[in-house]
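To keep things clear, I will list the structure first and then write my remarks on it.
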Amino acid sequence: MDKELQELIKKLLTEKKAEWAIGYEKAYDEFSTRPAFIIDPADTARLIFNKYCINNLGLYLTKLKKNKLAVVCKGCDIATVFELIREKQFKRENVAIIGVACEGVLDKRTNKLLEKCENCQVKQPKGADFTLGNAKNSEKPKSYADVVEFEKKSSKEKLEFWNRQFEKCIRCYACRNVCPVCYCPDCFALRSMPEYLSKHVDADKNKLFHMIRMQHVFGRCTDCKACDTACPVNIPLSMLTKKLAKDAKELFNYESGADTDARPPLSTYDEGDSESDIM
Amino acid sequence: MSNEKKKDINVVGFLCNWCSYAGADMTGLGRNIYPSNIKIIRIPCTGRMDPMMIIEAFHNGADGVLVSGCHPGDCHYSEGNFYWRRRYPHLKSLMEHFGIDKRRFHASWVSASEGKKFAEVVKKVVADVKDWQENG
Amino acid sequence: MARIGVFVCHCGTNIAGVVDVTRVAKYAETLPGVRISVDYKYMCSDPGQNTIIDAVKKYNLDRIVVAACSPRMHEGTFRKTIERAGLNPYLMEMANIREHVSWVHSDDKELATQKAMKVMEMAVAKVRRSEALSKMFASIEKRALVIGGGIAGIQAALDIAGAGYKVVLVEKEPSIGGRMAQLDKTFPTLDCSACILTPKMVAVSQDPNITLMTYAEVVEVCGYVGQFDVKIKQKAKSVNSKCIGCGVCVTKCPNRKSLSEFNEKLAPRKAIYTPFPQAVPNVPVIDRETCTFFKTGKCKICEKVCPTGAIEYTQQDEIIKEKFGAVVVATGFNIYDHSNYGEYGYGEIKDVISSLQFERLINSSGPTDGHVVRPSDHKEVKNVVFIQCVGSRDESKHRPYCSRVCCMYTAKQAMLLKDHYPETQSYVFYIDIRSAGKNYEEFVQKAQNDYGVVYLRGRVSKIYERGDKLIVKGADTLSGAQVEVEADMVVLANGLEPKANAKELAQLFHMSYDQYGFYNELHPKLAPVETAISGVFVAGCCISPKDIPDTVAQASATAAKVCALFSKEKLEVEPLIANVNQLTCSGCETCYNVCPYSAIEMEDKEVRRGDMRHVAKVLESVCKGCGACVGSCYCKAVDLKGFSDRQVMNQIETATTELSTND
Amino acid sequence: MLKVAYFPGCSLSSTAKEYDVATRLVCEDLEIDLVEIPEWTCCGATTAHITSELTAAALPAKSLIWAEKHNMPITSPCSACFSRLKMAHLNMEKDPNLKKEVEEVTGETYNGKAEVLHLTRVMLEKYGLENIKAKIKKQLKGLKIACYYGCLMTRPAEVCENDRVENPMIMDNLVSALGAEPIKWYYKTECCGAAFSLTKTEIVRKLSGDILKEAKTCGADLVMVACPLCHSNLDARQPEISKLLKTDLNMPILYFTQVMGLALGYDYMDLMMNKHFIDPKPLLKSKGIL
């Protein structure tokens, strides 16, 4: 597949269909890959795709202010690209999506498949401009069993759980920096007028940061797990992003990144929306 | 978000200017008594209600939060409360996931003429928060 | 550092009777930035306001907090005060320690005082982050819309037109005149309703400043004071402007399947009709629901007989768009539907009639030419029972309010009956007689003393038919006896309630209404014809039940309000609107999508040198300041003047901390 | 087949035995399965509800719980029993504390799911008027019937879910369906004197007398009732009332299931009409029904 990929990108760059191409290349060892940014068609030989291509390259689309881009996407990463198009961060016609079939990626720390790759519905990418390779989608739907289990805890237990987690947080903002939809020009966490978040680092303030971040990405987060994987202190952020996906589905029957023309759940309404909990 | 030390229940109420704030004024005109635990912040419309402000309120140590607006269809700005009606269940669910008990976060529709209802709503919110504090 | 002045009002004993105002003022002094703190008996009085102005000068204050009543009451007053003192009016905040503290926490003075201190502290915290805002002006379309062509709408239209402004009067029915046109005589003078109303109706039709739109309804409203964009649906009358009102079509129409609305369904009417002979405009309409031609495609008699060719079957409903600077809503009332009263026969006993039906029966141009006969068998009546408070003062029917006019019109009806038929005897069952008004009590006394009307204080428990009589069983609470009256007819004093679609109309304008659907005044005493929506005024029974003189007075009051508005060149509007910090805007278009007013525009702009971006911008003249954009912007690029994140966060922080001293 | 939990109540096993017999016969014929609640207890009428709220709720609760457990609507032909069952149900719904207490006393839980219906509603709404019509064997032509509802079947309106308290029509509609003529009269819900039956009989004589007199004036051949107490006041007291009014009223009082039984082809003795003080035989014979 690597050959095919290299040829395709070479063609796109040569024909000026893309100014930049974003793909993966081998990093410091055989278990590591890193993003590769290619301008020169002659440079495409670096490009690879394998089970260590864990990064969501959609992240770089908002950072590269270029008109024409080509990006290598696993099936799951396409949702991110679609979401960013919906959020008007660039136009559909300006990005060539190169979908690559994927049997799941490995967390190199454990050498295990990522949890999201089990029951994956998009091993074979959907909605790409070019698709390379073949893979069979899982027949089982995405499982929310762990979230459902967590929801059963009492609020006190939940509070204690998160307090322990955020005790560990060092506020490195890695989660935010790898998040493709955290592209705000001026993040609330860094503002001083008003100071939404104290710069002081403690469990309480760390939690405030994560609560607000999670609220801000509701209906936008595609549950890509970039933050979860990036966290250096292993805070289970997946437990939060998955909750967002579950709520969007259950409360508003909405799935982020499924449709580039959709109205996200909080920027629209229905006159018959439920209000059972409102006095 | 430690509330253990505090004795008195502390509820922050965000009231839309046109219906619920006026409704709360009506509560006064009717001399309906309600617990003094609630501190009211006037906002133009529940559509203005940024979920972030509610998270900030809990972070600052509020035991309870109430957001109250116009009944659906009555919004002074036509649609504001419809947007709020979507933010509320989402935010409540997310807050619960973080361990903010559901008894601490409430929403209501109180019109400009429902003075008595506002008093009842405040009583209910304070009772719920108390229940959470006492019974966990 | 801010230089804040805090002014605590006693409001006589309204606040000071519960809250220790001196403690509140003392506490204020301990807050950072507060330079002076004063308490005073009536802050809104002249000397009170002067205290503020003097303090601004003496202490060089730049921000003010007034702890007093609701800002909905006096925010405007105190903004003007500090403007007089040379400050920007938006650097003042009110702490509501009356409606939200003293009046609702009078059970515990200590807690009330502590809360008052906190509420004041929150206002200080907010004002610290207030910004000077410059005034904004909007243009005024000097045309008024009057909705409802009853006596209130007619009076308002005439008064506004008389001042030289253009008016469009919209009426749902084919003619103006409203309820007053249905009445026979009016209390307490017993002058004929039509005789005093019809000249005004004619004046409306002849006034060059008034455009009359009958058989029309308001269907959509956008905009705001000075600039209301209104869509009016002109229903197809099927009769065009060639009509000269000769009435041949009505006479010849063979279809009399409908019951006359104007005659309260006591008589049939034709499919082509004018509601009553003195209708204005005197142009008939075709009721397409019942018209033979519209139902079967055959007939067309009216077209054949019309001498001017005015019948136009192909007419369509039309939507007309108009711009108005102000609106008067005068939609009037319906009477309570007594079929909800099982004890009075569920509306199924023919000779138990409503008060309006009685008006039509006794009116000489009514369906019986003024003969008061039983609807069931057209026999004349001898004994008539009147029952008061039907759908009024009745908790069980969710109508606890008094309808105000029923005691008077019942007395009137009993007297008119005796005048017409001296041999009749009337009985009135009542709860209390409420006859407050000029010459009203005398009028009721006259009914009792000169006309021999028997007043029985008590309610009726049952009416039933026995033979051709009605048996009325009730209580006379004054004698303690149960009474039974054998009557020929029972006339119910139906209470007044809002029009069935009153709520829908309110929602078009976003006016607030009470649980019954009566429109809420801005202030029940001091702004009785204004609503919370500036530029929208209300008059007559759509606010609450009232008699004709009060209705006319209110209508003229709305006209005065409209004229005062139109006398200005430009309209000052609140600058409490949204603004976008384009540097932090990501261009996601969320605000653009949620704005109810389309007040957000997206533009491609170089926000910094070399930083070309797709960003949002607020159209200042369109924004109404609802803040839906602020609530949905995750980049925190939009903020709302007067309710900014900095202000709200300061309030939250203060609200959630304890009082800073033990005082 | 419609299955209904049946609460006969005390009267139906004594003074109103004929009501019980007729009801069971008719239901069998209509194929309504009346399942008598095993070991049903007193509904608590008149004594319990004026003395102890808990007893008033706990007594009927046992039957309610049984009906809920067996997933059946619960009915009683007696208006007083019906009223007590329904009241207990509603009071427990309104007051969770009361429900808790009742659950402690009875040792069982109640989920508030029992559907309490008066027997007339079971027949006319659950079973259906059209279905009844289909079963009729004998049209009751020429019979003028005054339907008397009394108080507890229709009031309080919110308890009985009746929107026509002042002029109920449910039994009148039944009478029409059976081929007889319901007379138009307005004493359908007047008080019969009810529980003063034993303590202050002069009140009963006056009030029940008014009702009987009105029925007579309006041309009724017989009065149809759906409550044992109404029946006993109108029937058993009738000889005294006639004496008081100095006229022979001779107004037979029949239970509505007895009237239905006639239309379904049962005879005088099947329906135990011989138990009535005012014998309906001469009337029914003269109309050709017997």
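For the protein assembly as shown, just say rounded, prolate or oblate: build the C-alpha gyration tensor, square-root its eigenvalues into a ≥ b ≥ c, call rounded for a/c under 1.5, and beyond that prolate if a/b exceeds b/c, oblate if not.
Details: a/c = 1.86, a/b = 1.45, b/c = 1.28.
Because a/c hits 1.5 or more and a/b exceeds b/c, the protein assembly as shown counts as prolate.
Could you give the distance between the Cα centres of segment C:197-253 and segment A:167-186, to the whole Å?
When both Cα centres are located, 64 Å separates them.
Arrange D:C42, C:C402 by Cβ neighbour counts within 10 Å, fewest through most, would you?
If I rank by nearby Cβ atoms, fewest first, I get D:C42, C:C402.
Shielding of C:509-517 by partners, i.e. mean partner chain Cβ atoms within 10 Å per residue?
Working: counts 1, 8, 3, 11, 4, 4, 4, 1, 0.
Per residue, the number of nearby Cβ atoms from other chains is 4 on average.
Below 8 Å between Cα atoms, with a sequence gap of 6+, how large is the relative contact order for segment A:145-258 in percent?
29
Restricting to Cα pairs below 8 Å that are 6+ residues apart, what does the relative contact order work out to for chain C? Please round to a whole percent.
Computed over chain C, the figure is 13 percent.
Could you name the aspartates and glutamates in cross-link range of C:K617, using Cα to Cα under 14 Å and dropping any fewer than eight places away on the same chain?
C:E589, C:E601, C:E603, C:D604, C:E606, C:D639
Using the charge dipole of the protein assembly as shown (Lys, Arg: +1 at Cβ; Asp, Glu: -1 at Cβ; taken about the Cα centre), state which of D:Q258, C:S621, A:L208 has its Cα farthest towards the positive end.
C:S621
Give the total of Lys-Lys pairs in segment C:333-423 with Cα-Cα distances below 23 Å; include a pair only if its members are 8 or more places apart or on different chains.
Total qualifying Lys-Lys pairs in segment C:333-423 comes to 9.
Given the pairs A:K88/A:K199; C:K200/C:K265; C:K126/C:K636, which span a C-alpha to C-alpha distance of over 23 angstrom in this model?
A:K88/A:K199; C:K200/C:K265
With an 8 Å Cα cut-off and a minimum separation of 6 or more residues, compute the relative contact order for chain A in percent.
Relative CO of chain A lands at 16 percent.
Using +1 at the Cβ of each Lys and Arg and -1 at the Cβ of each Asp and Glu in the protein assembly as shown, identify which of B:G30, C:I210, C:G480 lies farthest towards the dipole's positive end.
My answer, from the dipole projection, is C:I210.
Which angle between 0 and 90 degrees, to the nearest 10, do you get for helix C:440-449 versus the longest principal axis of chain C when only C-alpha atoms count?
That helix lies at roughly 30 degrees to the long axis.
For D:V165, A:V233, which order do you get if you count the other beta carbons within 10 Å of each Cβ and list the fewest first? Walk me through the numbers on the way to the answer.
Values: D:V165 19, A:V233 12.
The most exposed by this proxy come first: A:V233, D:V165.
Using the Cα centre of chain C as origin and beta-carbon charges of +1 (Lys, Arg) and -1 (Asp, Glu), tell me which of C:V146, C:Y344, C:I431 is placed farthest towards the positive end of the dipole.
Result: C:V146.
Running a GNM on chain B with Cα contacts under 10 Å, which residue among B:H71, B:H106, B:H90 ends up with the highest mean-square fluctuation?
Result: B:H90 has the largest fluctuation of those listed.
Arrange the following residues from fewest to most other Cβ atoms within 10 Å of their Cβ: B:F105, C:F386. List each step's numbers first, then the result.
On the way: B:F105 24, C:F386 28.
Least crowded to most crowded, the residues run B:F105, C:F386.
Sort the following peptides by mean Cβ neighbour count (other Cβ atoms within 10 Å, averaged over residues), highest first: C:367-373, B:34-40, C:423-429.
Per-residue Cβ counts within 10 Å, averaged per peptide and sorted highest first, yield B:34-40, C:423-429, C:367-373.
Is there a quick way to get the dipole size of chain C? I mean about its Cα centre, with the Cβ of Lys and Arg at +1 and of Asp and Glu at -1; what is the value in debye to the nearest 20?
It comes to approximately 1060 debye.
Please work out whether segment A:2-132 counts as rounded, prolate or oblate from its C-alpha gyration tensor, where a ≥ b ≥ c are the square roots of the eigenvalues and a/c under 1.5 means rounded, while otherwise a/b larger than b/c means prolate and anything else oblate?
oblate
Starting from the Cα-Cα distance between C:M602 and C:K379, subtract it from 0.36 nm times their residue separation and give me the gain in nm to one decimal.
72.7 nm
Provide a whole-number value for the mean count of partner chain Cβ atoms within 10 Å of the Cβ atoms in peptide A:235-248. The partial results should precede the final answer.
On the way: counts 0, 0, 0, 0, 1, 3, 0, 0, 5, 4, 0, 2, 7, 1.
Mean inter-chain Cβ contacts per residue within 10 Å come to 2.
Pick from A:R34, A:R109, A:R92: which residue has the top mean-square fluctuation in a GNM of chain A where Cα pairs under 10 Å get a spring?
Among A:R34, A:R109, A:R92, the largest GNM mean-square fluctuation belongs to A:R109.
In nm, to one decimal, how far is the modelled label at D:N71 from the one at A:E275, with both set 7 Å along Cα→Cβ?
3.6
Assuming a ≥ b ≥ c are the square roots of the Cα gyration tensor eigenvalues, decide whether chain B counts as rounded (a/c under 1.5), prolate (otherwise, with a/b larger than b/c) or oblate.
Oblate, because a/c is 1.5 or more while a/b does not exceed b/c.
What percent antiparallel are the DSSP beta bridges of chain A, to the nearest 5?
That works out to approximately 45 percent antiparallel.
Can you tell me which of D:Y110, D:Y149, D:Y19 moves the most in a GNM of chain D? Springs connect C-alpha atoms under 10 Å apart.
Sorting by GNM fluctuation, first place goes to D:Y110.
To the nearest whole number, what is the average tally of beta carbon atoms from other chains within 10 Å of the beta carbons of peptide A:267-276?
Averaged over the peptide's residues, the number is 6.
Would you mind telling me the antiparallel percentage of the DSSP bridges in the protein assembly as shown, rounded to 5?
Given both bridge residues lie in the protein assembly as shown, the antiparallel proportion sits at roughly 40 percent.
Mind giving me the FRET efficiency for A:D107 and A:N134? R0 is 30 Å, r the Cβ-Cβ distance, nearest 0.05 is fine.
Working from the Cβ atoms, E equals 0.80.
Over the Cα atoms of segment D:138-286, what is the Rg over Rh ratio if Rh follows Kirkwood?
0.95
Can you give the charge dipole size of segment C:193-336 about its Cα centre, rounded to the nearest 20 debye, using +1 on the beta carbon of Lys and Arg and -1 on the beta carbon of Asp and Glu?
Computed about the Cα centre, the dipole is about 660 debye.
Can you tell me which of D:81-88, A:141-148 comes out highest on packing, and rank the rest after it, using the mean Cβ neighbours within 10 Å?
Result, highest mean first: D:81-88, A:141-148.
Using alpha carbons only, how many angstrom separate the centre of segment D:256-272 from the centre of segment C:431-492?
48
Would you mind checking which residues have amide H under 5 Å from C:Y455's amide H? H placed 1.01 Å from N; only 5 or more apart, or other chain.
C:V428
Would you mind putting C:524-535, A:171-182 in packing order, based on average other-beta-carbon counts within 10 Å, highest first?
Output ranking for C:524-535, A:171-182: A:171-182, C:524-535.
Where nothing but the Cβ of Lys and Arg (+1) and of Asp and Glu (-1) is charged, how large is the charge dipole of segment A:2-132 around its Cα centre, in debye to the nearest 20?
360
Against the longest alpha carbon principal axis of chain A, how many degrees, from 0 to 90 and to the nearest 10, is the axis of helix A:155-168 turned?
For A:155-168 against chain A, the angle is about 50 degrees.
For helix A:2-14, what angle does its Cα long axis make with the longest principal axis of chain A, in degrees from 0 to 90 and rounded to 10?
That helix lies at roughly 80 degrees to the long axis.
Values in this text are rule-based calculations from the coordinates and carry no lab data. These numbers were taken from a predicted model, which means no experiment stands behind them. All Cβ positions, even for glycine, are placed from backbone atoms using ideal geometry, and neighbour counts span all protein chains on display.
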